[in-house]
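A.B. asks: Quick one: the structure is below, and I'll ask about it shortly.
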Amino acid sequence: MNSYNRVVLMVFIITVFTVFVGRLFYIQVIDSSYIEAARNNAIKKLIIRPARGSLIDRKGKLMVINRPFFDIKFVPKNLPLEFDSLTFCRLMDLEPDYFTKRMAELRKQVGYSAYRPQIFISQLSVEEYAKVQEGLYHFPQFYAEKTYTRNYPYGSGGQIFGYLGEINQDQLDKDASQYYNPGDYVGITGIEKEYEERLRGVKGISYQYFDVKGRPQGRYKDGAEDVAAKAGENLQTSLDIELQTYAEKLMTNKIGSVVAIDPSTGEVLCFVSAPTFDPNKLVGRNRGKTFAALAKDPLKPLFNRPIKGASYPPGSTFKAINGLIGLQQGVIDVHTTFGCYGGYNGAIHVGCHAHRSPVDFEFSIQTSCNAYYCNVFLRLIDRNNQVDRNYKDWYAAVQRFGIGKKTGIDLPGEVKGNLPTAEFYDKVNKGWRWRGATILSLAIGQGELGVSPIQMANYACAIANRGYYFTPHIIRKSPKNKVEKHQTGIQQEYFNYLVDAMEKVIEGGTGTIAKIPGVSMCGKTGTAENPHGEDHSIFIAFAPKDNPKIAIATYVENAGFGATWAAPISSLLIEKYLHDSISRPALEKRMLEGSLLHKYPGYINPNPPATKPGEKGDQPKPTTNDTIKPQAVWPVNRKTLSSTSIAQR
Amino acid sequence: MAGKQENPFKYIDRPTLILMLALVLIGWVAIHAAVYSPQMGGPFNWEHAAGRQAVWILTSVFLFVVLFSMDYRLFEGMASISYILMLGILVATIFLGKEVNGAKAWIQIGPVGLQPGEFAKLATCLMVASYLSSYDVRLENQTTQLISAFIILVPAFLIILSRDTGSALVYASFIFVLQREGLSIIYLVLGLATIAAIVLSILIPAPYLYGSVGVFMLFYVLFSRRKKQATITAITWTGASTAIIYGVQYAFENILQEHQKTRILLLLGKIEDPSGAGYNVNQSLIAIGSGGFLGKGWLNGTQTKFDYVPEQTTDFIFCTIGEEWGFVGSTVLIILFGLLLFRIIHIGERMPTKFGRIYAYGVASIIFFHVLINLGMTMGILPVIGIPLPFISYGGSSLWAFSILMAILLRMDAGMRSTMR
Ligand SMILES: [Zn+2]
């Protein structure tokens, strides 16, 4: 027997075990990739979405809250091969072939994976979820995940609040903070967008163990590395939700805007874009369908008119600015008078309605005299033959009222409107030397001017405050929300004359329909020319006369004279805000029920309006005409109405 | 000499007993950790593997005590009977066996299922010892070689028929027994080393292989009496091994076609196949590899506990040890196995009878092969072949079979030492 016979087995054992220890040393100590692989296997990072901040009105009422919804989810791979979808659908109270259809839908989706959770039914309400809970118990492969969607207890304010939508790839790419994940919801418009960073809160992270079948097995390190979610900020707005809801009701079946501001602070009290929509319809399962219908609506309910609708001129409401600038620059004083015999008769003719003559500053506002303002404007622009310089001064003075520039309201997408520059007129007139008469339509607030309802309301604030305004804002002032005070640069005494005149507009002028018993109110009517149909009705007002609490601008499209619709609606809102009651139920009823939809081009009413064409005569007639519409005396195509067309006459 | 026997427990080989008990306890603790969840209650819950293993451990202790109380001279006589009986049971299993995981290796007796294959090793071991120790049997003789091969290969063949190829592979371990008893080393070298070299050449990067060969030869030279001759032999073998390793790797890379290579690599668990055998090896490596130097701590593992590793209480039990006890714990376990094997060999060498020595070598070889194949599989250096890790893996048949194997060995050792005094 050879000597090595005894050692062979031992040598083998030593060799093999040495290899094993070496191998173990390699995979356990040298190669660290397995640690990472084990982590990836068993520990999943779960994102905990925080509750989005609520929106509260000025009186503490909840306007925008979160409501829990349930998504029923499942991992297709976890279903048994012989999954009985018929029984399942029956237990879940679904169509028998829902499962088959849903699976087909899911498989078509980009990035579908049978190993990843898929949404089987999305956004069940609490009540709907309660019904299917029993069925879910029998099918543990399906589970419910709680999510939150927005809810609007008042069903109003959709235009201000905006809506949420799933984040798109473009937004994800631009997300420098790496906050978002696919599938997150972000504010698309309105306050939801403007205050996204404060409303969204801070996401939480939870590391959890999962077994091989994807069942949770408790928290990793007992949650030591978890990050708690932080709910979004609840933001207090300056809105009065009841006023808002009332304003939306008054604007039902009309197109236009209402913006009311507390002039002493710049806080927006109500903000209506009509037609509007119930924001509750833009959440939940039917969101997509509702959204498509709204987007297709010819009346454009998704268009935010108060900040974006700056295509119409301010009409007679603009006269007050020219008057104030005239007084400030000394081209007139309050006693200066101009004659008016059917209008202004200079190089061109601008018509006016019948009233006594001559006209001083106060009466010019009260009766809205065109001739008076043509004279004031010509003095402002043509004085000393320095048209260019004078126009630039005028331009700057107008801009200090917040016209022709963004007001800075805390809503996305505001437009600056149009205040034509001197350069613009140089270009339009192609070197021709233009003068005041060339651009005379500006004297009475017509022509190229484009002023948005928010700018108009802001302007009303400047008058109410006798010389200054605050940046209009919806989210209350706080260290994070600075509010600036803007001076108009016009002496307070001139405002006092104007305010007195505006009070007379209500007491015995073009706006008497707006008179509220027991309230000293100041207002000014206006009519914006509309090349596409009847003129737009405009009204600005504030009340009370001393220490004003509310300033308002109301636009009603295609409504004719300012006094017909805009003034009564403003008046009802002011009364509602100041007294919280309405003393003129007949007027209220007429405004609530009145429909102007038949006047809008392209509108096809599925249900004929309550007001039949024959009943039109019952509608209120203004006690005084606002203005004689210029086109009545200018036989020119309204579409080409401009300074050049006036000049060529 | 044959007079009244002294209490055999007085002569039991304590180191072996302690090593054995240590391994069984490590196994029990590891099984508990492999299926642990906070809700499951303690390790004595019958619903869980650790609780059932406790029952297997207690019954094994009982079996051990019973066998240890028997007359040690009876075992030699029982060899032929148990061997023939076992062949009968194996044949019956092929036809009557219960199919588990594709193998018809189970027989249901009342509430417990047993694997006759586990016990067949024991019977074969006894039979081989009995035959080779009989008078006038010399392994240089070709007839003896053939009969020995026959005794070993018949049960292996029957086990293959019941589609339990892994267990059949263990019978190859008897080559060590034959070699110890004088079979020319050439068989071992040709049979075992070549296969190992081929497999290892494919699996392991060349530097590791050359290193292993070097260690192997170093030990050979150190343990040899005639150093000069041994050195020459060692150099020759190293050369031959190098040639084999290089040759196999060359052949594998250059002669085999791509799909053939893929098939072999897949079989060897070398490339990943997430849905098949590759998944198991990958998860096993993740579990062991993530243990690091000191491990994640008892019950703190995630890969076995959360079922990422399949068969985590039986064939892949080492994953739990690797994951929770790390490199240190795993090495300790390997050292314990090494010590146990060396002790068994030591016991074999001190046996006064040829039967005892051959039996001891059989036991050592069987345990060694189990450890080799099982650990090699979990570490991803050997193909996935499902056989249990002795004393550690969950399972009644396996634990009972190894307990009986050890009981007979220790009883003979104790008996002979007591009579020799
Ligand atoms: Zn006049």
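Residue-by-condition table, conditions (1) touching a Phe, Trp or Tyr at 6+ places or on another chain (Cβ under 9 Å); (2) closer than 18 Å to B:Pro388 by Cβ; (3) not in a helix (DSSP H, G or I):
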residue: B:Gly88; (1), (2), (3): no, no, no
residue: B:Val91; (1), (2), (3): no, no, no
residue: B:Gln108; (1), (2), (3): no, no, yes
residue: B:Cys125; (1), (2), (3): yes, yes, no
residue: B:Ser130; (1), (2), (3): yes, no, no
residue: B:Val137; (1), (2), (3): yes, no, yes
residue: B:Thr143; (1), (2), (3): no, no, no
residue: B:Ile147; (1), (2), (3): yes, no, no
residue: B:Phe150; (1), (2), (3): no, no, no
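A.B. asks: Can you name the number of the only condition in (1) over 23 Å from A:Gly204 (Cβ atoms); (2) touching a residue at least 24 places away in the same chain (Cβ under 8 Å) that A:Asp71 fails?
C.D. replies: With respect to (1) over 23 Å from A:Gly204 (Cβ atoms); (2) touching a residue at least 24 places away in the same chain (Cβ under 8 Å), A:Asp71 is out only on (1).
A.B. asks: Hey, another quick one. Take the residues in region A:211-231 that are away from chain B (no Cβ under 14 Å) and not in a strand (DSSP E or B), then tell me which one is modelled with the lowest pLDDT. Before you say what the answer is, go through the steps one by one.
C.D. replies: The initial filter retains those residues of region A:211-231 that are away from chain B (no Cβ under 14 Å), namely A:223, A:225-231.
Filter once more, keeping what is not in a strand (DSSP E or B): A:223, A:225-226, A:228-229, A:231.
Numbers: A:Gly223: 81, A:Glu225: 84, A:Asp226: 87, A:Ala228: 88, A:Ala229: 87, A:Ala231: 89.
Among those residues, the one meeting the criterion is A:Gly223.
A.B. asks: Quick one: count up the residues across region A:22-36 that are of a type outside the set (Val, Ile, Thr) and farther than 19 Å from B:Gly211 by Cα. First the steps, then the outcome.
C.D. replies: Residues of region A:22-36 of a type outside the set (Val, Ile, Thr): A:22-26, A:28, A:31-34, A:36.
Applying the additional criterion that residues be farther than 19 Å from B:Gly211 by Cα yields A:28, A:31-34, A:36.
So the count comes out to 6.
A.B. asks: If you don't mind, another one. Restricting attention to helices (runs of 4 or more DSSP H) lying wholly within region A:333-430, give those where 2 or more residues are more than 16 Å from the ligand (Cβ to nearest atom) and not aliphatic (A, V, I, L, M). Working first, answer last.
C.D. replies: On the way: elements: A:361-367, A:370-382, A:387-399, A:422-428.
Per the criteria, A:370-382, A:387-399, A:422-428.
A.B. asks: Tell me the residue from B:Ile358, B:Ile381 that is under 27 Å from B:Gly415 (Cβ atoms) and either facing chain A (nearest Cβ under 10 Å) or among the hydrophobic types (A, V, I, L, M, F, W, C) (or both), please. First the steps, then the outcome.
C.D. replies: Numbers: B:Ile381 fails: under 27 Å from B:Gly415 (Cβ atoms).
The unique qualifying residue is B:Ile358.
A.B. asks: Ok, one more. Look at B:Gly326 and say whether it is in a helix (DSSP H, G or I) and either in contact with an Asp or Glu (Cβ under 7 Å, 6 or more places away or on another chain) or at the interface with another protein chain (Cβ under 9 Å from one of its Cβ atoms) (or both).
C.D. replies: The answer is yes for B:Gly326.
A.B. asks: Same structure again: Which residue out of A:Gly266, A:Gly256, A:Gly309 is crowded, with 18+ Cβ neighbours inside 10 Å, modelled with pLDDT under 90, within 22 Å of A:Ile409 (Cα to Cα) and touching a Phe, Trp or Tyr at 6+ places or on another chain (Cβ under 8 Å)?
C.D. replies: Result of the check over A:Gly266, A:Gly256, A:Gly309: A:Gly309.
A.B. asks: A further question follows. For region A:112-130, name all the residues that are surrounded by fewer than 13 Cβ atoms within 10 Å (Cβ to Cβ) and outside any loop (DSSP other than H, G, I, E, B).
C.D. replies: Hits for region A:112-130 are A:Val126, A:Glu127, A:Ala130.
A.B. asks: Suppose the filter is in contact (Cβ under 8 Å) with a residue 24 or more places away in the chain, closer than 29 Å to B:Gln39 by Cα and surrounded by fewer than 18 Cβ atoms within 10 Å (Cβ to Cβ); does B:Trp325 pass it?
C.D. replies: In short, no.
A.B. asks: Now for a different question. Can you name the helices (runs of 4 or more DSSP H) wholly within region A:1-111 that have at least 1 residues being more than 14 Å from chain B (Cβ to nearest Cβ)? Write out each step before concluding.
C.D. replies: Details: elements: A:8-24, A:33-42, A:85-91, A:98-108.
Of the helices (runs of 4 or more DSSP H) lying wholly inside region A:1-111, those with at least 1 residues that are more than 14 Å from chain B (Cβ to nearest Cβ) span A:85-91, A:98-108.
A.B. asks: Taking the options B:Leu410, B:Leu341, B:Leu375, B:Leu389, name whichever one is buried (at least 23 other Cβ atoms within 10 Å of the Cβ), more than 14 Å from chain A (Cβ to nearest Cβ) and either more than 19 Å from B:Ile175 (Cα to Cα) or not small (Gly, Ala, Ser) (or both).
C.D. replies: The match here is B:Leu410.
A.B. asks: Mind listing whichever residues of region B:145-159 are modelled with pLDDT under 90 and crowded, with 17+ Cβ neighbours inside 10 Å?
C.D. replies: B:Ile159 - this is the single residue of region B:145-159 that is modelled with pLDDT under 90 and crowded, with 17+ Cβ neighbours inside 10 Å.
A.B. asks: Going residue by residue through region B:80-87, is there one that turns out to be touching a Leu at 6+ places or on another chain (Cβ under 7 Å) and farther than 21 Å from B:Trp400 by Cβ?
C.D. replies: The answer is no, given that none of the residues of region B:80-87 is touching a Leu at 6+ places or on another chain (Cβ under 7 Å) and farther than 21 Å from B:Trp400 by Cβ.
A.B. asks: Test B:Thr320 against the criterion of being assigned to a helix (DSSP H, G or I), modelled with pLDDT of 85 or more and within 14 Å of chain A (Cβ to nearest Cβ), and give yes or no.
C.D. replies: The answer is yes for B:Thr320.
A.B. asks: If you take just the strands (runs of 3 or more DSSP E) that sit entirely in region A:458-575, which of them hold at least 3 residues that are within 21 Å of the chain's Cα centre (by Cα)?
C.D. replies: A:536-543, A:550-556
A.B. asks: In region B:345-355, which residue that is of a type in the set (A, V, I, L, M) and more than 10 Å from chain A (Cβ to nearest Cβ) is farthest from B:Glu76 (Cα to Cα)?
C.D. replies: B:Ile347
A.B. asks: Here's something else I'd like to know. Is it true that B:Leu188 is within 14 Å of another protein chain (Cβ to nearest Cβ) and under 30 Å from B:Met127 (Cβ atoms)?
C.D. replies: yes
The values are calculated or read from the model by the stated rules, or taken from the named source; none is laboratory data. What you see is a predicted model; the values in this text were computed from it and never measured. Ideal geometry is used to build each Cβ from the backbone, glycine not excepted, and the neighbour counts take in all protein chains shown.
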